[in-house]
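Chemist: Can you keep this structure in mind? I'll have questions shortly.
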Amino acid sequence: MADYQSKRGARIAALAGIACFGLVAAGCSSSSSSPSSGGSSASASASAKPTGTANVAYASSLQFLNEKVVKPAFTSAEGYTFSGRGAASGDLEADIAGGEISPNVFESVGGDNITPLEPKYTKWYVQYAGTSIVVAYNPKSKYASQFKAIADGSKPLCSLFSSVLQTPGLKLGRTDPNVDPQGRDFIYMLELAQSSCNLPSGTVAKILGTSDFGTASSSQIYAESSLDSTLEAGQLDASSAFITQAVELKLPYIKLPDAISLASAADAAAYKKATVTLKSGTVKSGSPQVIDITTIGTPTAAGTAFIKYTLSSAGLAQYKQGGFTLITPTVFGDSSAVPAAIKSELGG
């Protein structure tokens, strides 16, 4: 557009110069500068950078990807700035509903942290990537050789649950199941493993150190934003993690089979058999783990651009490189409320 305006201004200036050549007495030699000036203004306007900030509230498991990879790439590609806030998806949901924060984009692990915000704050969300639960461990832990043996297959996976994680003195970290999907996923995974490995009914309680799976007061529980760094610092021997976190932070981990990792849509019915009763009395069930995104409040240009970029081939490639499984982006809720720019990325 800028090139078009410049060329147009040049043509107008040339025509004006020809006219003035025959009408010098009329004093029009100075008038040819006006159209050229107008062309420069239009060119400057067309090349002006977008203004605005994508204020993104995201699940803490997306922190590395958003802050280290997506942020600079998005700003470079779209021109908008990025401001992120990471926390447990449930905490972010509560903060949005309570008016504590006002992001224009929300990225959650699981749509069940978005649907309570409908229809006041949003009417839709898009699922676009999948992840799975793993057991990460500290390579300097005195139990590291045992974890490594299970990770490389030289020891059976079921021994992780029947013995290693039950070792007295082993320091295990996880997150609060009441506010964080990862906290619930870890418990679902243990329940599924107990069944899959035909272990005694009290196995999960022994690993968690309590029969109240919905408790938030266990010494094992850490904020999701600090769990990885606590493990890296050597204060824990092992912890729950999404595979994406382990890959991005280069943490050694034990990859789990689809039957218990919450990674496979084909196993959704089996996952649903694992449940956790929260402090509120609400019963949550296991499901394949997916990443969901939506706008919050009236869509802004920057927020819409961020979601469009996330769902673009460039944005999805960043997720794939980060260890996520790409799934066909799918709209849930009122698709008519999805901004046109985002629909266009979805082929709509």
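Just so you know, all these numbers are worked out from the coordinates, no wet-lab data involved. Remember, predicted model here, so these are calculated numbers, not experimental data. Here Cβ is always computed from backbone atoms with ideal geometry, including for glycine, and neighbour counts include all displayed protein chains.
Chemist: Can you list residues from other chains, or at least 5 along the same chain, whose modelled amide H is less than 5 Å from the amide H of A54?
Modeler: T81, F82, S83
Chemist: Given K255/K279; K148/K255; K255/K320, which pairs have Cα atoms separated by over 19 Å?
Modeler: Distance filter (> 19 Å) returns K255/K279.
Chemist: Then there is this: Just to confirm my numbers, what's the Cα centroid distance between the range 228-266 and the range 45-110 in Å?
Modeler: 24 Å
Chemist: Still on this structure, I have one more. How much of the DSSP bridge set in the chain is antiparallel, in percent, rounded to the nearest 5? Display every interim value, and only then the final one.
Modeler: Values: 25 of 38 bridges.
Approximately 65 percent, going by the DSSP bridge assignments.
Chemist: Further question: Going Cα to Cα from K49, which lysines come in below 24 Å? Please leave out same-chain ones fewer than 8 positions away.
Modeler: Straight-line reach from K49, under 24 Å: K7, K68, K71, K308, K343.
Chemist: With a Förster radius of 41 Å, plug the Cβ-Cβ distance of S285 and K142 into 1/(1 + (r/R0)^6) and report the FRET value to the nearest 0.05.
Modeler: So, using R0 = 41 Å, E works out to roughly 0.70.
Chemist: Let me ask something additional. What is the set of long-range amide H partners of A129 at a cut-off below 5 Å, with H atoms built 1.01 Å from backbone N?
Modeler: HN-HN under 5 Å from A129: I291, I327.
Chemist: State, to one decimal in nm, how far the label point of S226 lies from the label point of S154, with both points 7 Å from Cα in the Cβ direction.
Modeler: 3.6 nm
Chemist: For the range 238-334, with equal point scatterers placed on the C-alpha atoms only and solvent neglected, what are the log10 I(q)/I(0) values from the Debye formula at q = 0.13, 0.16, 0.19 1/Å, to two decimals?
Modeler: So the normalised log intensities are -0.66, -0.95, -1.15.
Chemist: At S312 and D95, where each label point lies 7 Å from the Cα along Cα→Cβ, what is the point-to-point distance in nanometres?
Modeler: 2.7 nm
Chemist: What net charge do the residues around E232 carry, taking every other residue with its C-beta under 11 Å from that of E232, with Lys and Arg at +1 and Asp and Glu at -1? Display every interim value, and only then the final one.
Modeler: Working: positive: K140, K250; negative: D228.
Local charge sum for E232: +1.
Chemist: Pull out the extension gain between R85 and C197, defined as 0.36 nm times the separation in residues minus the alpha carbon to alpha carbon distance; nm, one decimal. Mind showing how you got there, number by number?
Modeler: Details: separation 112, 0.36 × 112 = 40.32 nm, distance 3.90 nm.
That pair, R85 and C197, stretches by 36.4 nm at full extension.
Chemist: Additional query: Cα-Cα pairs above 17 Å in the range 84-129: how many percent?
Modeler: Cα-Cα pairs in the range 84-129 separated by more than 17 Å: 22 percent.
Chemist: What aspartates and glutamates sit close enough to K123 to cross-link, taking a C-alpha to C-alpha distance under 16 Å and skipping anything fewer than 8 places away on the same chain?
Modeler: Cα-Cα hits under 16 Å: E93, E107, D112, D292, D334.
Chemist: In percent, how large is the relative contact order of the chain, given Cα pairs closer than 8 Å and 6 or more residues apart?
Modeler: That works out to 24 percent.
Chemist: Explain nothing, just compute: Karplus ³J(HN,Hα) = 6.51 cos²θ - 1.76 cosθ + 1.60, θ = phi - 60°, for every residue of the range 299-306 in order, whole Hz, x for Gly and Pro.
Modeler: Here the 3J(HN,Hα) series is x, 9, 4, 5, x, 4, 4, 5 Hz.
Chemist: Let me ask you something else. Would you compute, from DSSP H runs of 4+ residues alone, the mean residue ellipticity of the chain at 222 nm, taking -39500 (n - 2.57) per run and dividing by the full residue count, rounded to the nearest 500?
Modeler: -11000 deg cm²/dmol
Chemist: Would you please state which residues of the range 47-69 a label at S102 would reach in this model, taking the label point 7 Å out along Cα→Cβ and a backbone N cut-off of under 11 Å?
Modeler: Hits in the range 47-69 for S102 at 11 Å: none.
Chemist: Name the lysines eligible as straight-distance cross-link partners of K284: C-alpha to C-alpha under 19 Å, and not fewer than 8 places from it in the same chain.
Modeler: Leaving aside lysines fewer than 8 places away in the same chain, those within reach of K284 are K272, K273.
Chemist: Calculate one ³J(HN,Hα) per residue across the range 204-221 by plugging θ = phi - 60° into the Karplus curve 6.51 cos²θ - 1.76 cosθ + 1.60, and present them in order as whole Hz with x for glycine and proline.
Modeler: Result, rounded to whole Hz: 4, 4, 5, 5, 7, x, 6, 8, 8, 5, x, 5, 10, 9, 5, 5, 7, 8.
Chemist: Please label the shape of the chain as rounded, prolate or oblate, based on the square roots a ≥ b ≥ c of the eigenvalues of the alpha-carbon gyration tensor (a/c under 1.5 means rounded; beyond that, a/b larger than b/c means prolate, else oblate).
Modeler: Note, shape of the chain comes out prolate.
Chemist: Positive end of the charge dipole of the chain (Lys, Arg +1 and Asp, Glu -1 on Cβ, about the Cα centre): tell me which of P257, L165, F74 has its Cα farthest that way.
Modeler: Checked the options; the winner is F74.
Chemist: Treating only the Cβ atoms of Lys and Arg (+1) and Asp and Glu (-1) as charged, compute the dipole magnitude of the range 235-348 about its Cα centre; round to the nearest 20 debye.
Modeler: It comes to approximately 120 debye.
Chemist: Using a/c under 1.5 as the rounded threshold, could you call the range 133-285 rounded, prolate or oblate? The axes a ≥ b ≥ c are square roots of the C-alpha gyration tensor eigenvalues, and prolate needs a/b larger than b/c, oblate otherwise. Show your work: numbers first, answer last.
Modeler: Details: a/c = 1.39, a/b = 1.19, b/c = 1.17.
Since a/c stays below 1.5, the shape of the range 133-285 is classed as rounded.
Chemist: Just want to confirm a number: the relative contact order over the range 133-285, from Cα pairs under 8 angstrom separated by 6+ residues, in percent. Could you put the intermediate results ahead of the total?
Modeler: Working: 235 pairs, mean separation 57.7, N = 153.
Relative contact order, the range 133-285: 38 percent.
Chemist: For the range 279-322, list residues with backbone N below 11 Å from a point placed 7 Å from the Cα of K255 toward its Cβ?
Modeler: none
Chemist: Right, something else. What number comes out for the charge environment of L346, summing +1 per Lys or Arg and -1 per Asp or Glu over other residues with Cβ under 15 Å away?
Modeler: Counting the neighbours of L346, the net charge comes to -1.
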